[in-house]
Amino acid sequence: MNMSVNIAGVEWKNPVTTASGTFGSGREFADFFDISELGAITTKGVSSKPWEGNPVPRIAETSSGVLNSIGLQNGGVDRFIEKDLAYLKTVDTNVIVNVCGHTVPEYLEVVEKLSDEEAVDMLEINVSCPNISEGGMAFGTTTEGITEITKAVKEKSKKPVILKLSPNVADISEIGKAAEAAGADALSMVNTFLATFIDIRSRKFFLANKTGGLSGPAIKPIAVRMVYETAKAVDIPIIAMGGIMSGAEAVEFMLAGASAVAVGVANFRYPKVTRQVIREIGEYMEEQGFEDVSEITKGLIE
Amino acid sequence: MDAISLLGSQKDCFSAIIKRNEPIAENIFEMWIEAPVIAMSAYCGQFVNIYLRNQAKILPRPFAICSIDHSKGWIRVVYRVGKHGTGTREITYMYPGTRVNITGPHGTTFPMSHKKCLLIGGGVGIPPLLQLAVSLVDVFGKRPDIVLGYRNDDTFLVDEFEELGTVHIATEDGSRGIKGTVMDAIAQNRVGAEIIYACGPVPMLKAVKEYALEKDLTAYISLEARMGCGLGACLSCVCKTSEVNKGTGVKNARVCKEGPVFEVREVEL
C-alpha cells in the first residue's frame, strides 16, 4: 500500500499536514508524538517584521466550531529562521512555511529569505487571513489580487508555492484558476470563514477584534463543496482543510478532489489526532482495496 | 502510554478515571481524578486540560491543579460553574467511575522560596494556592500567611488552608472575616511578607502588584486567560509583557506556556 503523494515535485510520505496556526512550529506537539510521521508540517504565519497580533479575547467556541482572531502574531522571519527552522531541521519531514504580509514587498522579503533556507520545502502564501486590516485577505478575494501576489512571489521563490485561498468569495474556483494561471504550484483551501459571536449578556462582541475566522466541523460541508468545485477547475494539486477531525473527513476531502489534507483545530481537541488521521486513511484504503492513496483522489463516483 | 511515549516523549493524552466530583460551595465543584503520571510530574501552579465528551465543543477546558495526592496518584481541580456556562456544566455531570480525557501538567510553576511567604487568593483563584501551601510546608516546614477573599460566608477550602498556615479571610459582604478586599485584610491584620504568591481576579492582582512594587517585594501571580489549545501552539491566551518575551519574540507571553505563573513585574495587567 502506497500512502506517499507528490505535491508540486515534493514527495510526502503521506498526504497529511497541519493547518497553519494550529500547530505552532511543531514543538508543542513533539511532546506528544513523533511529528516526523507527518507528510509535512505547515508552520504558523511568518511576516517580515514581528507582529504583536490582536487584543484578547482572541478565541471563542461555537457549536462544532472555533472562532479565532489571533491576528498572525509572530516574531518575524529572522527569529523564525533562527529558532523555529533550526528546530524543524531536526525533524525528518517536509516543512511548509506559511508566509504573511501587509504589502507585496513584505511578502517578498519573507519569500526571499526563506528561499535560501534548505530546511524549507514549500511556501504557503497566506492571502486569506480575515483577521488583519490590510494585506491578508485583500489579495485573496479578487482574481486581480491573487494574480498580482502569485506572479510576484513566483518570480522570487526558489521553492514550490502554495496559495492558500479564502472561502470569503463568490466563486472560489475562479480565484483558484487565477492563481494557477499566474503560476501557483498548488492550492490550499479553505482558510477560515469571516464570522462573529455576540455575548448576549454583556451585549458585546465576544472577540476583541469583533470578527474572527470560523473553522472546525461547522464549516466542513461548505469546504468540501469548495474543494470539489475548485478541483474540477484546476490541474494543480489541492491541499484541503476545514473541520477534519478524523480519517473520515480527510477521505471525504480527497474524494472531492484533494491530493492532500491539513488538520487544524482538531489538534486542539486531541494533540495526537494527525497520527490517527494517517492511520485511518490507511484503514480506509485497505477497506476499499486501494493500493495507492491517489486512488482516493480519483475515487469519487459521480 | 504507547511506545513513543516510553521512548522519551514528555507528555501524553490520558484517559483518566474520575474519583469524586461534587459541590463544595454554591456553583463551586471539586473533582478528584486518578491520573498517576500527571500526579507524579505536576508541581504547584500548573494546570491540566480537560476535554469534553460533547463533540460539538472542541476546545479543552483548562483547570489549575488544586492539590495532588501522591500516594493515590490523584489530582484535584476546583472549578466554578458559570450561570450561563457552556461546558463547565457538562463537567459536573462527569460521574465517579467514568473516564475523562486529560493532558498535563502544563505551564509554569510557583517558584518555591524559604522566605516568609504570603499567599493571596480571591474566589476561584484560591484553589491553585493550596498545593503551593502544601509544598511550602513540606519543603521548608514553615507555615505561610494566607489571605483569602470570598464573596460571602459560602467559603471553600478554608479548613485545609488552616492546617497549613495562618489564614485571614475577607468577604465582600462582611459575613465572614473582615468586610472588604484581601488588601484590606492584609492591612487590618498587619500581615508581613518577604515574598508574595497570588491568584484571583484582575483587580485583585492589580492591587497586589501595586503593593509589591511599593514594598519592593517579589510577587508571583497566576493568570487566568481564555485559552485555545492550552499547549502553546495557537497564541490565543496571550497577556501583555513589559519586555519582548523570549518565548514569543514580541511584547506578549502565552499564559499557557510562559505562564500561568509570572513575576508581577513581567506582565502588564
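The values are calculated or read from the model by the stated rules, or taken from the named source; none is laboratory data. Computed from a predicted model, the values in this text were never measured in an experiment. Glycine also receives a Cβ, built like all others from the backbone with ideal geometry; neighbour counts cover every protein chain displayed. In case anyone asks, the SASA skips ligands and DNA or RNA and just uses the protein heavy atoms, side chains included. Shrake-Rupley method; radii C 1.70, N 1.55, O 1.52, S 1.80 Å.
When the helix-only estimate is applied to the protein assembly as shown (DSSP H runs of n ≥ 4, each -39,500 (n - 2.57), divided by the residue count), what is the mean residue ellipticity at 222 nm, nearest 500 deg cm²/dmol?
After summing the helix terms and dividing by residue count, I get -7000 deg cm²/dmol.
How high is the relative contact order of chain B, given as a whole-number percent (alpha carbon pairs under 8 Å, six or more residues apart)?
On the way: 604 pairs, mean separation 43.3, N = 269.
Once divided by the residue count of chain B, the mean separation gives 16 percent.
List the relative contact order of segment A:5-91 as a percent without decimals, with contacts defined as Cα pairs under 8 Å and 6+ residues apart. Don't jump to the answer; show the numbers that get you there.
Details: 112 pairs, mean separation 22.6, N = 87.
Once normalised by length, the contact order is 26 percent.
Hey, if we sort A:Met122, A:Met245 by accessible area with the 1.4 Å probe, largest down, what's the order? Mind dumping the intermediate values first?
Values: A:Met122 0, A:Met245 40 Å².
So the residues, ranked largest to smallest area, are A:Met245, A:Met122.
When you look at the Cβ of every residue in A:43-54, what mean number of other chain Cβ atoms sits within 10 Å?
Numbers: counts 0, 3, 0, 0, 0, 0, 0, 5, 2, 6, 6, 2.
Rounded to a whole number, the mean comes out at 2.
Rounded to the nearest 100 Å², what is the sum over both chains of accessible area buried where A meets B, with a probe of 1.4 Å?
Numbers: alone 12690 and 13240 Å², together 22630 Å².
Chains A and B together bury roughly 3300 Å² of accessible area.
Given R₀ = 30 Å, what would the calculated FRET efficiency be for A:Ala248 paired with B:Lys83, taking r from the Cβ atoms and rounding to 0.05? Working shown, then result.
Working: r = 37 Å, r/R0 = 1.23.
The pair A:Ala248/B:Lys83 has a calculated efficiency of 0.25.
B:Ile24 versus A:Leu300, label points 7 Å from Cα toward the beta carbon: distance in nm?
5.5 nm
Among A:Ile96, A:Ala40, A:Val77, whose Cα projects farthest towards the positive end of the dipole of segment A:15-101, with charges put on the beta-carbon of Lys, Arg (+1) and Asp, Glu (-1)?
Comparing the listed Cα positions along the dipole, A:Val77 ranks first.
Taking the Cα centre of segment A:226-302 as origin, sum charge times position over the Cβ atoms of Lys and Arg (+1) and Asp and Glu (-1), and report the length of that vector in debye to the nearest 20. Working shown, then result.
Values: 6 positive and 12 negative charges, 93 e Å.
With only Lys, Arg, Asp and Glu charged at Cβ, the dipole is about 440 debye.
Hey, got a sec? Which trypsin sites (Lys or Arg not before Pro) in segment B:55-110 land in a DSSP loop and have at most 14 other Cβ atoms within 10 Å? Walk me through the numbers before you get to the answer.
On the way: sites: B:Lys57, B:Lys72, B:Arg76, B:Arg80, B:Lys83, B:Arg89, B:Arg99; in loops: B:Lys57, B:Lys72, B:Lys83.
Here the trypsin sites (Lys or Arg not before Pro) that fit, given the DSSP loop and packing criteria, are B:Lys72, B:Lys83.
Which one, B:Phe156, B:Tyr43, B:Asn101, projects farthest toward the positive side of the charge dipole computed for segment B:40-156 from Cβ point charges (K/R +1, D/E -1)?
Of B:Phe156, B:Tyr43, B:Asn101, it is B:Asn101.
Sort B:Asp145, B:Asp184, B:Asp138 by accessible area with a 1.4 Å probe, largest first. Don't skip to the end; give the middle numbers.
On the way: B:Asp145 25, B:Asp184 65, B:Asp138 120 Å².
Sorted descending by solvent-accessible area, the residues read B:Asp138, B:Asp184, B:Asp145.
Could you grab the relative contact order for chain A? Cα pairs under 8 Å, six or more apart, rounded to a whole percent.
Details: 713 pairs, mean separation 59.0, N = 302.
Reported relative contact order: 20 percent.
Could you order B:Glu163, B:Glu34, A:Glu28 so the one with the most accessible surface comes first? Probe is 1.4 Å. Walk me through the numbers on the way to the answer.
Values: B:Glu163 145, B:Glu34 60, A:Glu28 20 Å².
Ranked from most to least accessible, the order is B:Glu163, B:Glu34, A:Glu28.
Run the dipole for chain A about the Cα centre, Lys and Arg Cβ at +1, Asp and Glu Cβ at -1, nothing else charged, and hand back the magnitude in debye, nearest 20. Could the numbers behind the result be given before it?
Working: 28 positive and 40 negative charges, 228 e Å.
That gives a dipole near 1100 debye.
Keeping all protein chains in position, work out how much accessible area B:Thr98 exposes to a 1.4 Å probe, and write it in Å² to the nearest 10.
The accessible area of B:Thr98 comes to roughly 50 Å².
Projecting each Cα onto the charge dipole of segment B:1-131 (Lys/Arg +1, Asp/Glu -1 at the beta carbon, about the Cα centre), which of B:Ser15, B:Pro127, B:Ile33 comes out farthest on the positive side?
Going by the charge dipole, the pick is B:Pro127.
Considering only DSSP states other than H, G, I, E and B, which trypsin sites (Lys or Arg not before Pro) in segment A:1-94 qualify as loop sites with at most 13 other Cβ atoms within 10 Å? If you can, show how the numbers build up before the last one.
Numbers: sites: A:Lys13, A:Arg27, A:Lys44, A:Arg58, A:Arg79, A:Lys83, A:Lys89; in loops: A:Lys13, A:Arg58, A:Lys89.
Hits after loop and neighbour filter: A:Lys89.
Ignoring ligands, DNA and RNA, what accessible area per residue does the protein assembly as shown give at 1.4 Å, in Å²? Don't skip to the answer; put the middle values down first.
Values: 22630 Å² over 571 residues.
On a per-residue basis, the protein assembly as shown sits at 40 Å².
Determine ³J(HN,Hα), in whole Hz, for all residues of segment B:227-242 in sequence, where each value follows from phi through the Karplus function 6.51 cos²θ - 1.76 cosθ + 1.60 and θ = phi - 60°; x replaces Gly and Pro.
Values, residue by residue: 9, x, 6, x, 10, x, 8, 8, 6, 7, 9, 6, 10, 6, 10, 6 Hz.
On average, how many beta carbons from a partner chain sit within 10 Å of the beta carbon of a residue in B:220-233?
On the way: counts 0, 0, 0, 0, 0, 4, 8, 3, 11, 12, 3, 10, 5, 14.
Counting other chains' Cβ atoms within 10 Å and averaging over B:220-233 gives 5.
What percentage of the solvent-accessible surface of the protein assembly as shown, computed with a 1.4 Å probe over protein heavy atoms, is contributed by carbon and sulfur atoms? Intermediate values should be presented prior to the final figure.
Numbers: 11270 of 22630 Å².
So the carbon and sulfur contribution to the accessible surface is 50 percent.
Quick one: how many Å² of A:Asp292 are accessible to a 1.4 Å probe, rounded to 10?
Here the accessible area works out near 50 Å².
How large is the charge dipole for segment B:165-215, taken about the Cα centre, if only the Cβ atoms of Lys, Arg (+1) and Asp, Glu (-1) carry charge, to the nearest 20 debye?
Values: 6 positive and 6 negative charges, 8 e Å.
Using Cβ point charges on Lys, Arg, Asp and Glu, segment B:165-215 gives about 40 debye.
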